[in-house]
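S.K.: Have a look at this one before I ask anything.
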Amino acid sequence: MKQQGFASYITQMKQVGPTSMGQERLQEALQRERSAARVSASEHVVMHRHGVLPSAGVVARRAVLAAAAVAAVVLVAGVVSGNMVGSGRTGGAAAIDGPVLAAYAQGVEQADGSVLLPASFGTSVDWDQGDDRSYSVHLNMDLSLVDAEFRDITYSIVEGDATFRFLQSRGSVSTNGELTEFQDVKTFTLSDSSIEGTYSLDVVIPEDEVDAATDDPLRDLYVINALAAQKIAGTRIEIEATDAEGNTSSHTYEIQPVENIAERYQELQAQAESDEEQQLGEPLFTMREVA
Amino acid sequence: MRESNNELRSEEFMDEAIAAHQGAVYRLALSQTRSTADAQDVMQDVFIKLMRSQVPFRDSDHLRAWLLRVTINQCRDLARQAWHRRVEVVDEPDMGSTVTQDEAVELLMEHPVWRAMDALKESDRSVLHLRYVEELSIPEIAEALSCTQVAVRVRLRRARTRLRQMMVAQCEQQSADVPSFSQQTGVIR
């Protein structure tokens, strides 16, 4: 490249900055945020006491989380004590340190230190095929936290090619509130952990990889699910959050599919195609906390 | 969504941070989004995140690295959420006249290097921008991009090569567009 041309580009770029109108808009935006924070601080206490009548599905999940909270004290303390990854500055001796995933807390510890996640984790899969014929696969995975008292929860994929999708449950949106949704992102932040929704890890599978694995991808859906699970293997998710005392800490988890995940998905597909009552079956994924 | 409490960063802190870093944030956002309007939106989002964040910054360099990393993530999210932004645009209150491109930006967007960088991946543009415009060191770029120093060196080398290729292709295209003397004087039957 011509050194002269690049040098002049650098000089011009360094002279660029936001206009005075842009700076004013920034200050106005910050003032709006401060005003909104002052209003919501008084509203939040009321919402927390009375709440909103949840759907049956939400009640079930909260019951699971409440039960898991007790188990989590024993499980998490046993699994992660002394190996806590988080960069927390502890303000107190909390039994559960930092943003712990509910699925991790509900899992079963294995001999190798990993946790076998609940059977529902990664069971629901949907996908679509793009114009380039590649498959965009979305594996629904519950990434909610055990504790509902965290705010500024940032999820980041720090290893792997997967992306996040989060769709807030419409029933959890207050009147005039804004629905929170993220798609195809490597990181996203929820303002507090009471926000309920559907999480998924998304991967893209080229058409030729699916063709190599099966003759009829429209019928052998479990093959696509298994390929997606293999692409998610080794994905590391960092979760950073701030507790009620203002302390920020984090955990990083690595996800791995079980060894015979293709067979497990095939069983689920056979079940779905038959008249049998749907049962979750065996777990599909393991998780470990990593440094 | 709204904060659960009002513990936001002080106005004094925000004023200092904006004075020190808004230029870098805006330039990086402009380099990534290729749009002054989007760069303005990203800059707003970044400083709102800063105001709401509780990260204890060691020093100004740490703050700058955090801001640049958040800026890159915001740009990436913006590009992948075009449908979401269309909904937000409809719902936004009228803020009067929009940000207009000033002459400096207009000149910049006519520069051949700017046009060549249009064809680069966002990851290539970001390392080139941080290295040559913001003059960050390799370790500083690694911190801003949350990657290893080795990865930064590899990406810089690749980005420079690709930009060079784009510039050459641009020059060749410009030459091809101008008819040669023989073509101009040829007789068409």
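S.K.: In whole percent, how big is the carbon plus sulfur part of the accessible area of the stretch B:1-85, probe 1.4 Å, protein atoms only? Each step should come with its number before you reach the end.
M.R.: Numbers: 1400 of 3300 Å².
It is 42 percent, rounded to a whole number.
S.K.: Here's another thing I want to ask about it. With θ set to phi - 60° and the Karplus curve 6.51 cos²θ - 1.76 cosθ + 1.60, what are the ³J(HN,Hα) couplings of the stretch A:233-250 in order, to the nearest whole Hz, using x for Gly and Pro?
M.R.: 3, x, 4, 10, 10, 9, 10, 10, 8, 10, 8, 5, 8, x, 7, 9, 8, 8
S.K.: Take peptide A:26-33, look around each residue's Cβ out to 10 angstrom, count Cβ atoms belonging to other protein chains, and average those counts.
M.R.: Averaged over the peptide's residues, the number is 6.
S.K.: With the crude spin-label approximation of a point 7 Å out along Cα→Cβ, what separation in nm comes out for A:Glu282 versus B:Thr161?
M.R.: About 4.5 nm, to one decimal.
S.K.: Within 10 Å of each Cβ in peptide B:71-78, how many partner chain Cβ atoms are there on average? Round it to a whole number, please.
M.R.: That average works out to 3.
S.K.: What list of ³J(HN,Hα) values in whole Hz, one per residue of the stretch B:7-13 in order, does the Karplus curve 6.51 cos²θ - 1.76 cosθ + 1.60 (θ = phi - 60°) give from phi, with Gly and Pro shown as x?
M.R.: Ordered by residue, 3J(HN,Hα) equals 7, 9, 5, 5, 5, 4, 4 Hz.
S.K.: On average, how many beta carbons from a partner chain sit within 10 Å of the beta carbon of a residue in A:234-243?
M.R.: Per residue, the average neighbour count from other chains is 1.
S.K.: Here is a follow-up. Over both sides of the B-A contact, add up the buried accessible area with a 1.4 Å probe and give it to the nearest 100 Å².
M.R.: Details: alone 12630 and 17260 Å², together 24610 Å².
That pair of chains buries around 5300 Å² in total.
S.K.: Further question: In the stretch A:185-288, which GluC sites (Glu not before Pro) are in a loop and have at most 12 other Cβ atoms within 10 Å, using DSSP for the loop call?
M.R.: Here the sparse-neighbourhood loop sites are A:Glu245, A:Glu259, A:Glu276, A:Glu277.
S.K.: How much length, in nm to one decimal, is gained on full extension between B:Ala20 and B:Ile138, taken as 0.36 nm per residue of separation minus their Cα-Cα distance?
M.R.: Values: separation 118, 0.36 × 118 = 42.48 nm, distance 2.09 nm.
Working it through step by step, the gained length comes to 40.4 nm.
S.K.: Calculate one ³J(HN,Hα) per residue across the stretch B:35-41 by plugging θ = phi - 60° into the Karplus curve 6.51 cos²θ - 1.76 cosθ + 1.60, and present them in order as whole Hz with x for glycine and proline.
M.R.: 9, 5, 5, 5, 4, 4, 4
S.K.: I'd like the FRET efficiency for B:Ser10 and A:Glu209, computed as 1/(1 + (r/R0)^6) with the beta carbon distance as r and R0 of 51 Å, rounded to 0.05. Walk me through the numbers on the way to the answer.
M.R.: Values: r = 52 Å, r/R0 = 1.03.
The computed FRET efficiency comes out at 0.45.
S.K.: Expressed in nm to one decimal, what extension gain is obtained for the pair B:Gln173 and B:Leu107 from 0.36 nm per residue of sequence separation less their Cα-Cα distance?
M.R.: 21.7 nm
The values are calculated or read from the model by the stated rules, or taken from the named source; none is laboratory data. Fair warning: this is a prediction, and the values are worked out from it, not measured in the lab. No Cβ is skipped: glycine too gets one built from the backbone with ideal geometry, and neighbour counts run over all protein chains shown. Just the protein is used for accessible areas: all its heavy atoms, side chains included, with ligands, DNA and RNA removed. Shrake-Rupley method; radii C 1.70, N 1.55, O 1.52, S 1.80 Å.
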